[in-house]
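I have placed the structure first, in the form of structure tokens, so that the comments after it can refer back to it.
The values are calculated or read from the model by the stated rules, or taken from the named source; none is laboratory data. These numbers come from a predicted model, not from an experiment. When we count neighbours, we look across all protein chains shown, and the Cβ atoms used for this are built from the backbone with ideal geometry, even at glycine. Areas reflect the complete protein model, heavy atoms only, side chains present, ligands, DNA and RNA absent. Shrake-Rupley method; radii C 1.70, N 1.55, O 1.52, S 1.80 Å.
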Amino acid sequence: MYDLTIRNAWIYDGTGNPPIRGDVGIREGKIDAVRHLGKEESSKSIDAGGLALSPGFIDLHNHLDMAVLGLPFMDSHTMQGVTTSLTGNCGLSMAPLSDATRDLARKYLSPFIPAAVMSDWRWNSFGDFMKRVENNGVGHNIAGLAGQGSIRIAVKGFDPSPSTGEEMRTMKTLLRNSLDEGAFGLSSGLIYPPGSFTSDRELEELASVLTEYGALYSTHMRSEGSMLTESVEATIEVGRKCRIPVEISHHKVTGRCNWGKLHRTLRIMELAREEGIDVCCDVYPYTAGSTTISALLPPFALEGGVELAKKRLTDPEARERIKLSIQNPRSDWENFINDMGFENILICSSPEKPEYQGRTLKELIDGHPGKDDPYEAFIDILLDMQCDATMAMFGMDEEEVEYGLAHPLSSVITDAWAMSPALGGRPHPRTYGTFPAFLRRIALDSRRLSLENALRKITSLPASRIGLSDRGVIKKGCWADLVLFDPKTLRDKATYADPHRYPEGIEMVLVNGRVVVERGEARETKAGHVLRRGQGNG
Ligand SMILES: [Zn+2]
């Protein structure tokens, strides 16, 4: 007797095997049988009508932790078939926090968090935060990384100086505690303060804590443009020295003059793997990135935090230095304006200046009274928005993105925040569309990959990267995280102009054996588990 059976499906098991026609029986949240079930009894039976049944999609890179307490169903993710998310990426996790710097961290991350879903930030440890998430409920399974930036903020705020021995010991303790409390590894974001203030040596020393756990190091590298190759080599070096698996986050090439580098970096990763270094990457299926508007400023402008940055932008001398640094074509930091140009940077959300949303910086500068000096005008516009805005930056080559998506070493990720249409704004379309967009473009339309191989990159491959042995495949004994979809109609509908659109063709989503989405409608809203590393992942 099963709790639920799904009959008459093309079953893609997630490993890359070709599909088989059959039935799946579910009991107590887990897959109990994968075969023809004939007349075996079941409390509820669903006729799949020959549609595709896959393990639920696993997203290794997103920022869902920032809004999960206010938006526990995580609508934009769950509705596109995501059943497990690894969050806390780019060095900026919601935990750990410290009493001394809680407000600094909150102020810094608030551009990413719509006011309607802002939480009280009353926790300190990683374990406390995950407990809060668990008690509040989640729409699908959540696992977390501890962020290097957050750990450093907890210890020394936005102080750019190298960490002392004492500070280093405290940071290592915070990381060790987080890992003991279930964190799946460490993330870093080396273009964002305080990651941008952190030397490779300091980073490696912190990452050495991961060795004893064999846990993952996942990094938004120092450069995805002019210094991309060097950054990939530095990341591999961390894997070599610390003997840990490393993941290159949202691997991409930004800036036209850098296009073409991805073939080389993926080759470097293949060679490192032959040497025994466990390096992989993840990629999202869009040619624009998205982040906070303050990432357009040079690191020194952000020393001490965003409030100080705003002060600097009004101080004539500091303002001049910032302008010169942005205008310098050979700057030694990730200079998006230089790499992409004002015309390729689009304002997504701006609570202070909603009328700026959906317009490029070029358009805003052209409409500014001080447009004769575009850099001056840009800084004024930044101040208009109180440095509190998110942007999309169009800097990648479509063919190169597809090459990255199809490469055997890449998983596919959203890099998105939790969203719901009610929250408004103009989030990046990846928020709602990533997985259907990937399957449509890379498998169903172009046939660059077979559907079974494309599904492997969003199920068993990401599961194996974080050691989830009972998710990401359809097999007896695994959790019943499943997506039933129609390969004929599956497609993303979210666009830059109209991003709050759920995809088409996702017929049903199950999380831990419970139906959470049925024919495009949300059902049970809190079927997810909080996953903790080394604790059975239940
Ligand atoms: Zn990132």
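Things worth noting here:
- Within the stretch 28-54, the set of residues being part of a strand (DSSP E or B) and either of a type in the set (A, V, I, L, M) or touching a Gly at 6+ places or on another chain (Cβ under 8 Å) (or both) comprises K30, I31, D32, A33, V34, R35, S42, I46, A52, L53, S54.
- I347 fulfils the conditions (1) within 30 Å of S85 (Cα to Cα); (2) in contact with a strand residue (DSSP E or B) (Cβ under 7 Å, 6 or more places away or on another chain); (3) in a helix (DSSP H, G or I) except for a single criterion, (3).
- Residue match in the stretch 251-274 (condition: hydrophobic (A, V, I, L, M, F, W, C), at pLDDT 95 or above, touching a Gly at 6+ places or on another chain (Cβ under 8 Å) and not in a helix (DSSP H, G or I)): yes
- Under the condition of being free of Cβ contacts under 8 Å to residues at least 40 places away in the same chain and open to solvent by 30 Å² or more (accessible area, probe 1.4 Å), the residues counted in the stretch 258-278 number 8.
- Which listed residue, of S464, S469, is assigned to a helix (DSSP H, G or I), farther than 17 Å from S76 by Cβ and of a type outside the set (A, V, I, L, M): S464
- Residue within the stretch 212-226 that is within 21 Å of the chain's Cα centre (by Cα), within 14 Å of the ligand (Cβ to nearest atom) and open to solvent by 30 Å² or more (accessible area, probe 1.4 Å) present: yes
- Leading residue by the ranking (farthest from the ligand (Cβ to nearest atom)) among those in the stretch 373-430 that are acidic (D, E) and under 30 Å from K323 (Cβ atoms): D373
- Among the residues of the stretch 156-184, those that are more than 30 Å from R465 (Cβ to Cβ) and in a loop (DSSP other than H, G, I, E, B) comprise G157, F158, D159, P160, S161, P162, T164.
- All conditions but one from (1) open to solvent by 20 Å² or more (accessible area, probe 1.4 Å); (2) within 16 Å of I293 (Cβ to Cβ) apply to F336; the one that does not is (1).
- Filter pass, S161 being farther than 24 Å from V530 by Cα, modelled with pLDDT of 95 or more and of a type in the set (S, T, N, Q): yes
- Any hit, the stretch 73-80, residues being within 16 Å of the ligand (Cβ to nearest atom), at pLDDT 95 or above and not charged (D, E, K, R): no
- Flag for S249 being closer than 28 Å to G425 by Cα and open to solvent by less than 10 Å² (accessible area, probe 1.4 Å): yes
- Residue, modelled with the highest pLDDT, within the stretch 191-209, restricted to residues that are of a type in the set (A, V, I, L, M, F, W, C) and within 16 Å of the ligand (Cβ to nearest atom): L203
Listed here are the residues, each with its yes/no results for (1) of a type in the set (K, R); (2) in a helix (DSSP H, G or I).
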site	(1), (2)
L92	no, no
R106	yes, yes
P111	no, yes
D128	no, yes
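- Selection status of I142, at pLDDT 95 or above and in a helix (DSSP H, G or I): no
- Residues of the stretch 204-218 satisfying the condition of being in contact (Cβ under 8 Å) with a residue 24 or more places away in the chain and over 15 Å from I466 (Cβ atoms): E204, E205, L206, A207, S208, V209, T211
- Selected residue (only one of I268, I347 is of a type in the set (A, V, I, L, M), out of contact with any Leu (no Cβ under 6 Å at 6 or more places or on another chain) and not assigned by TED's automatic domain parsing to the domain that holds S410): I347
- Pairs with Cβ under 6 Å, 6+ apart, first in the stretch 165-189 and farther than 20 Å from R243 by Cα and in the same structural domain as Y213 (by TED's automatic domain parsing), second assigned to a helix (DSSP H, G or I) and within 16 Å of the ligand (Cβ to nearest atom): G189/G149; G189/G195
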